[in-house]
Amino acid sequence: MDVCCDTTARNIITQFGGDQFDFVVSNPPYVPTADMNNLDESVRAFESKQALDGGKDGLDVARCILSCCAAPSIYHANLSIWMELSEHQPHHISRIIEQDFEEKFQMERIGPINMGWRFVHIRAKV
């Protein structure tokens, strides 16, 4: 899958010079661009747009993380990815994995935590 990743997001994972690591823990930007103006003022005043705006469906950075972690230089059998998303997005991530990363990853939902199923655990398939 060819995913266009924000340079900063890609650098966060690839800055390790191709070294493998076991865990990626992320609270990526997950607000869909169309919903940015509907956020509570206290959220908009506290967080930068870059920290909140996850693209059209809110999952651009999550896709980038999966794409980077699927690269041969990083992917290995013990790789474990943890992400916090909105309560509406775990099933979308599950579909993305099924469609684009089925041979590499499997997903578990973690929750409920307060507002629903917000946390996902994605593991490398062995």
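Out of the residues in region 2-47 that are among the polar types (S, T, N, Q) and assigned to a loop (DSSP other than H, G, I, E, B), which is modelled with the highest pLDDT?
Step one: filter region 2-47 for residues among the polar types (S, T, N, Q), giving 7-8, 11, 14-15, 20, 26-27, 33, 37-38, 42.
Cutting the leftovers down to assigned to a loop (DSSP other than H, G, I, E, B) gives us 15, 20, 27.
Numbers: Gln15: 67, Gln20: 76, Asn27: 91.
Among them, the one singled out is Asn27.
Of the residues that sit in region 68-91 and are open to solvent by 70 Å² or more (accessible area, probe 1.4 Å) and modelled with pLDDT of 90 or more, which one is nearest to Met36 (Cα to Cα)?
Top of the filtered list is Trp82.
Which pairs turn up if I take residues in region 94-105 that are without any contact (Cβ under 8 Å) to a residue 40 or more places away in the chain and look for partners that are among the β-branched types (Val, Ile, Thr) and open to solvent by less than 60 Å² (accessible area, probe 1.4 Å) with beta carbon separation below 6 Å, at least 6 apart in sequence or on another chain?
Phe105/Ile97; Phe105/Ile122
Any residue in region 63-88 that is farther than 12 Å from Val25 by Cβ sitting within a Cβ distance under 6 Å of a residue that is among the acidic types (Asp, Glu) and open to solvent by 10 Å² or more (accessible area, probe 1.4 Å)? List the pairs, counting only those 6 or more apart or interchain.
Asn78/Asp22
Yes or no: Trp117 at pLDDT below 90 and under 15 Å from Asn27 (Cα atoms)?
Values: at pLDDT below 90: yes; under 15 Å from Asn27 (Cα atoms): yes.
Against the criterion (at pLDDT below 90 and under 15 Å from Asn27 (Cα atoms)), Trp117 qualifies.
Please work out which residue is least open to solvent (accessible area, probe 1.4 Å), limiting yourself to region 36-56 and to residues that are out of contact with any Asp or Glu (no Cβ under 9 Å at 6 or more places or on another chain) and of a type in the set (D, E, K, R).
Here the residue is Glu47.
The values are calculated or read from the model by the stated rules, or taken from the named source; none is laboratory data. As the structure is a computational prediction, the values presented were derived from the model and not from experiment. Every residue, glycine among them, receives a Cβ derived from its backbone with ideal geometry; neighbour counts consider all protein chains shown. When the accessible area is computed, the model is the full protein with side chains, heavy atoms only, and any ligands, DNA or RNA have been set aside. Shrake-Rupley method; radii C 1.70, N 1.55, O 1.52, S 1.80 Å.
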